[in-house]
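One structure is given below, encoded as structure tokens.
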Amino acid sequence: MALELTTDRARLIARLRLRWPGADVQAHQRPWGVIVEVRDGDRTISLTALDGSGGIEGERHVARAA
């Protein structure tokens with residue numbers, strides 16, 4: 001799947017990089033879009049879903065993993 005990096009998506013990724021400057025930003029393709037993950041070492045500190053139609057999914061609370 002070819003996912004277009006829109007201006008809004010590029011701004012979102014730039015904000016993630018500014019918020020966590022030393023963290024690693026990774027993108028994971030899924031059938032419905034892409035998950036953008038921000039990792040600090042072995043910890044995931046942020047997840048963002050980008051759908052295939054150009055949108056950015058709204059924030060939702062995710063319970064802390066055990």
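Things worth noting here:
- Near Arg11, once Lys and Arg are set to +1 and Asp and Glu to -1 for all other residues with Cβ below 13 Å from its Cβ, the sum equals +3.
- Over all orientations, segment 12-56 has a Cα convex hull whose mean projected area works out to 3.0 square nanometres.
Taken together, the values in this text are just the output of simple stated rules run on the coordinates, not laboratory data. Given the structure is predicted, the values throughout are model-derived calculations rather than measurements. Don't worry about glycine lacking a Cβ; one is built from the backbone with ideal geometry, like all the others, and counts go over all protein chains shown.
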